[in-house]
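Here's the structure, in structure tokens; my notes come after.
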Protein chains: 2
Amino acid sequence: PSLSLSLPRPEGPWVTFWMTNMATSVCLLMPDLFPPVSISQAQPGPATSLSKKTIHHYDSHSLAHSHVLASPTSTIQIKSHRGAWLINCVTFPLPGEGPEQQLLKPNEWSYCDYFWTDKKDPQGTTSVAGFEVLLQKQLKGKQMQKEMAEFIHERIKIEEEYAKNLSKLSLSPLAAQEEGTLGEAWTQLKKSLHDEAEVHLKFSNKLHSEVEKPLLTFRGDNFKKDLKKYDHHIADLRKQLASRYASVEKARKALADRQKDLEVKTQQLEIKLSNKTEEDIKKARRKSTQAGDDLMRCVDLYNQTQSKWFEEMVTTSMELEKLEVDRIEWIQQHLRQYTTLRHETDMFNQSTVEPVDQLLQSVDPAKDRELWVKEHKTGEVRPVDMDI
Amino acid sequence: PSLSLSLPRPEGPWVTFWMTNMATSVCLLMPDLFPPVSISQAQPGPATSLSKKTIHHYDSHSLAHSHVLASPTSTIQIKSHRGAWLINCVTFPLPGEGPEQQLLKPNEWSYCDYFWTDKKDPQGTTSVAGFEVLLQKQLKGKQMQKEMAEFIHERIKIEEEYAKNLSKLSLSPLAAQEEGTLGEAWTQLKKSLHDEAEVHLKFSNKLHSEVEKPLLTFRGDNFKKDLKKYDHHIADLRKQLASRYASVEKARKALADRQKDLEVKTQQLEIKLSNKTEEDIKKARRKSTQAGDDLMRCVDLYNQTQSKWFEEMVTTSMELEKLEVDRIEWIQQHLRQYTTLRHETDMFNQSTVEPVDQLLQSVDPAKDRELWVKEHKTGEVRPVDMDI
């Protein structure tokens, strides 16, 4: 069956999840963990009340972690900024910072809970998105399914060869001239090889239609296309996230410049260097406020994209999770069909021997002598003495 | 087992049979059919009382029969002589002549009752002794036994080939990277092919030791030697019988000459041709009587040889009959062993699938996801909104 991009059937709190933005949804899922205050903290807005605390944590934690994660060869970009750090432009809370998180689907080992971070690829040179790991698993599963079909195909060829040899031998003329009841039993024994051959041929045919073919055709070419769609969709969101992060950095720098300018002008006013400074300060303050608004907008856009990516990650990883369950159950079902066919084969094989057993039961040397003597006797009149 | 020339264990009347001459023995077997008078008729002695009747039957029957049996190309020698006819020097009663014969072993279709006459060989050119027909049957039986062993050998080769292919496939790396409970089931499925191979290998080994070998070694080279001994023994008696028959003919002619001579001399006496004839007649009568005694002796020797041949024919044909019964039962027994091994094979084959069934039962997609996620997860900390 081809693969659809539709979302998995929503259940319970998920219904609302998809309708709202990430933070709120998480809050809906576990309100006790995300009290309103923590949400407001997460909302864009003047970073006043918490800034000091944030910087403190910035010093103590994020550097250490940057050191751990950012190996010299890795291209994983780790930055930190007040109360949070960024890995390849995704914002994570600093350890111990922010409200504790609970799994979205506890005790289910759901894909949607364990693949948020990018990791170094096996060679440790480039970074691999957690989502890529999920896609690799899907591709490997497809490959396993293909190789199982190959294995069954080889088994089919062995059965066909065996059947061919058996039915060829059953036609051999060896001991064809054996006579009587023994001859009949022998003929049936030879015939039974042909019956055995039929059983194994039937086995190989059913293996083909009921095991090999389903394994081979399960998830056609569409499957890999669909995986690519997922891949591009998520990757695009990551690119967008990166560009939005760049704008945030730019806006942050602009605001800093504006604040510095305002500061300078304010000092000039205190030492009364000019009388038209009053005007300059108003203008500088206006520009600084504007830069602050720009930064807020950029952060807001960034957070919107990250939320979008988050939702897609959850949706898609749960879709892939479902696909893997389907694959395992499909294979299980068809390997069961294999064992069923094997059992059938042994059963039918038994039955090919029974007619031979019966005719062997009724082998009778006396009967065979009678038949043979009747056909070959030369004369039953006994000689008598000659008289003169 | 090699073949002994010893007589079959005698039973009932047979005990005495072998101790006495043929006619008496037949009488012992069926006294009611061979009353003393008929025996005396069968005894050598002056052929007076029956000679006329005999000649009558000679005309009416034996010629007709001669015509039937003695085809122009056949070398079968058919002669007739008072109350009897001879086929290749063996004396048979004329049809309807002499006491009616009953089978030596009624309702048994025993070889000893049906192979007394020589017959034309299939090409109808030469004659084949009834005993040769029995020997041919033995040789054919030996050949059948050999061909059955060959057939089983072919089956063994097929099983070995099948087993080789199965265990080779079971070692294939196909889908070896399948993981978790599904991976375990798959590994067991592949292993089960190796178990199947073992079952078929065991089958072929047992076929070799318990069916092929016994069929092949049953009755070694000694067997044909023993048959030759039988053959020569019986053939020699037939040669002796022929030469004794020749002596009878010679003596019969001599007697006829003597009787003619006596007749002439008697006539000469009547017409008083000479006076010393009295003496000549005495002498001629003496010589005639002597020739009569010679003939009696020759006929007696002939009958002794024929009796000896008769006894050997009965003894040996019963021995061959026993050999054929043994052969059929031996083959029956070993073909039964074949079917037993086939049943075993199907049974053991069944058991190779059960461990696969069990592991397929316990395939669990959730369990497999847990195992895989534990090994490959990249990070479970979810992203949070960036603040300014």
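Things to note:
- Among (1) of a type in the set (S, T, N, Q); (2) open to solvent by 30 Å² or more (accessible area, probe 1.4 Å); (3) more than 22 Å from A:Ala149 (Cβ to Cβ) - the single one B:Gln177 does not satisfy: (3)
- Tallying residues that are more than 10 Å from every other protein chain (Cβ to nearest Cβ) and either assigned to a helix (DSSP H, G or I) or open to solvent by 50 Å² or more (accessible area, probe 1.4 Å) (or both) within the range A:121-149 yields 8.
- Inside the range B:370-381, residues that are open to solvent by less than 20 Å² (accessible area, probe 1.4 Å) and modelled with pLDDT of 95 or more make up a count of 2.
- Members of the range A:359-371 that are in contact (Cβ under 8 Å) with a residue 40 or more places away in the chain and more than 7 Å from chain B (Cβ to nearest Cβ): A:Leu359, A:Ser362, A:Asp364, A:Lys367, A:Leu371
- If the condition is being among the hydrophobic types (A, V, I, L, M, F, W, C), out of contact with any Lys or Arg (no Cβ under 7 Å at 6 or more places or on another chain) and closer than 21 Å to B:Glu354 by Cα, then the range B:139-174 contributes B:Ala163, B:Leu166, B:Leu171.
- Across the range A:194-205, the qualifying residues are those that are open to solvent by 10 Å² or more (accessible area, probe 1.4 Å) and aliphatic (A, V, I, L, M), and the one among them that is nearest to B:Ala175 (Cα to Cα) is A:Leu201.
- Verdict on B:Arg285 being part of a helix (DSSP H, G or I), at pLDDT below 95 and farther than 30 Å from B:Leu335 by Cβ: yes
- Only residues that are within 11 Å of another protein chain (Cβ to nearest Cβ) and more than 20 Å from A:Glu249 (Cβ to Cβ) were counted across the range A:291-315, and they come to 3.
- Residues satisfying the stated conditions in the range A:327-342, i.e. open to solvent by less than 50 Å² (accessible area, probe 1.4 Å) and at the interface with chain B (Cβ under 9 Å from one of its Cβ atoms): A:Arg327, A:Ile328, A:Ile331, A:Gln332, A:Leu335, A:Tyr338, A:Thr339, A:Arg342
- Here A:His208 meets the list (1) without any contact (Cβ under 8 Å) to a residue 24 or more places away in the chain; (2) closer than 25 Å to B:Ser172 by Cα; (3) open to solvent by 40 Å² or more (accessible area, probe 1.4 Å) almost entirely, failing just condition (1).
- Only a single item in (1) more than 8 Å from chain B (Cβ to nearest Cβ); (2) at pLDDT 95 or above is not met by A:Asn107, and it is number (2).
- Members of the range B:332-381 found to be hydrophobic (A, V, I, L, M, F, W, C) and assigned to a helix (DSSP H, G or I), listed by number: B:Leu335, B:Leu341, B:Met347, B:Phe348, B:Val353, B:Val356, B:Leu359, B:Leu360, B:Ala366, B:Leu371, B:Trp372, B:Val373
The values are calculated or read from the model by the stated rules, or taken from the named source; none is laboratory data. A quick note: this is a predicted structure, and the numbers were derived from the prediction, not measured. Cβ: placed from backbone, ideal geometry, glycine included. Neighbour counts: every protein chain shown. Keep in mind that these areas ignore ligands, DNA and RNA; they rest on the heavy atoms of the full protein, side chains included. Shrake-Rupley method; radii C 1.70, N 1.55, O 1.52, S 1.80 Å.
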